[in-house]
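> Submitted below is the structure of interest, expressed as C-alpha cells.
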Amino acid sequence: MAKIILTLDGAVVREYPLDKDSISVGRRHGNDIQLNDLTVSGRHALITSLGDNVYVDDLGSTNGTLLNGSRVTKSVLKHSDVIQTGNFQFTFYAEDVEEYEPTMFIKAEIDDTKEITTGTANHTETKGSPLAAVRVINGPLAKKVLELRKPFNTLGFNGVKMAVIAREPTGYTISGLKSNKLRRASDLPMVNGNSIGMEQTPLQEHDVIELAGTQMELFYVH
C-alpha cells in the first residue's frame, strides 16, 4: 500500500498509509493529519488517491504547498517526492517499491561514542577535531543544518544508507557505503563533483557533498 512518511527537521514523526480516498492536512482540529505549526493553514492541503495515481492539492493555504521545493496547486505524486507544508515534510512511497528504512537524509544516523577498554577501566574514545556541520544548499531541505558531533555520522536518502562522515583527531573524512539499492551512477556519493568510493576521503571546509542530487556544504562551527 502506498504511504506518506511525516518528518520534522528530518526526524520521522509518523507513517500514514494511503488507505482512503483522501487525507486532509492542516492546523485545525478535524483534519486527518493535524499539524501544530502556525505556518500551516487551518485546511492546508489534500492528498487524494484516484485510480492508479495519488495527487497533492493545495487548498489555498497562506504559505503554499511545496513539491520537491517548488510551489504547486495540484500535482500527481511520484515515488520519493517530498511535500512540504510549513515546517513539516511528507515523503511519498509508492506501493510497488521496497519498504523504506527509518532513515531520512537530514536525520543522519549517528552512532553512539565507542567505548574502549584499557586494563580494567573503561574510557570513552574522544575526538579532538573542531566541530563541523553540513548545511543543505538545494532542494526542499535547503538551509537545514546537521552538526557532526559524534565519531561516526551516517547519511542516507529515501531509506538508503549512502555515506559515513567520521570525526577523526585530525579532521573529518567521508567514505561511501556499498548498497545494492543504488542503481544509477548518479546515486553514488560525490565530493566537489567527484564520486567517492569506500575508502576514507579527507574533507575540507566548504567542500560540497552530494547525495542523490541533494547537495550540502561542510563548514566549521566557530
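> Using the Karplus curve 6.51 cos²θ - 1.76 cosθ + 1.60 with θ = phi - 60°, work out ³J(HN,Hα) for each residue of region 80-89 in order, rounded to whole Hz, and write x for Gly and Pro.
Karplus values, whole Hz, x for Gly and Pro: 6, 4, 10, 9, 10, 10, x, 8, 9, 10.
> How high is the FRET efficiency between Lys78 and Asn194 when r is their beta carbon distance and R₀ equals 22 Å, given to the nearest 0.05?
Working: r = 29 Å, r/R0 = 1.30.
Approximately 0.15, to the nearest 0.05.
> I need the phi-derived Karplus couplings for region 206-211: 6.51 cos²θ - 1.76 cosθ + 1.60, θ = phi - 60°, integer Hz, Gly and Pro marked x.
So the Karplus estimates, Gly and Pro as x, are 6, 4, 10, 9, 10, 10 Hz.
> State in Å² the accessible area per residue of region 27-87; use a 1.4 Å probe, count heavy atoms of protein chains only, and round to the nearest integer.
Working: 3350 Å² over 61 residues.
Result: 55 Å² per residue.
> Next question. List the residues whose amide H sits under 5 Å from the amide H of Leu148, counting only those 5 or more places along or on another chain, with H placed 1.01 Å from N in the peptide plane.
When sequence neighbours closer than 5 places are left aside, the close amide H contacts are Ala132, Ala133, Val134.
> If you take the beta carbon distance between Arg149 and Thr173 as r and set R0 to 25 Å, what does 1/(1 + (r/R0)^6) give as a FRET efficiency, to the nearest 0.05? All intermediate terms of the calculation are to be shown ahead of the outcome.
Details: r = 16 Å, r/R0 = 0.63.
It comes to 0.95.
> Ok, one more. For region 10-67, run through the trypsin sites (Lys or Arg not before Pro) and keep only the ones in DSSP coil with at most 14 other Cβ atoms within 10 Å of their Cβ. Could you put the intermediate results ahead of the total?
Numbers: sites: Arg14, Lys20, Arg27, Arg28, Arg43; in loops: Lys20, Arg27, Arg28, Arg43.
Qualifying residues, ordered by number: Lys20, Arg28.
> What order do His79, His29, His206, His44 take when sorted by accessible area (1.4 Å probe), most exposed first? Write out the running numbers ahead of the final one.
Working: His79 75, His29 165, His206 110, His44 0 Å².
Solvent-accessible surface, decreasing: His29, His206, His79, His44.
> Amide H of Ala2 versus every other amide H placed in the peptide plane: which residues, excluding those fewer than 5 positions away on the same chain, fall under 5 Å?
Leu18, Glu95
> Assuming R0 = 22 Å, what is the FRET efficiency of Ala94 and Asn68, from their Cβ-Cβ distance, to the nearest 0.05? Each step should come with its number before you reach the end.
Working: r = 15 Å, r/R0 = 0.69.
With R0 = 22 Å, the Cβ-Cβ based efficiency is 0.90.
> Quick one: length gained pulling Ala11 to Val221 fully straight, 0.36 nm per residue minus the C-alpha distance?
Working: separation 210, 0.36 × 210 = 75.60 nm, distance 2.22 nm.
73.4 nm is the gain from fully extending Ala11 to Val221.
The values are calculated or read from the model by the stated rules, or taken from the named source; none is laboratory data. Since the model is a prediction, treat every value here as computed from it, not as a measurement. With ideal geometry, Cβ positions are generated from the backbone for all residues, glycine too; neighbour counts draw on all protein chains shown. The area values use the complete protein model at the heavy-atom level, side chains included, leaving out ligands, DNA and RNA. Shrake-Rupley method; radii C 1.70, N 1.55, O 1.52, S 1.80 Å.
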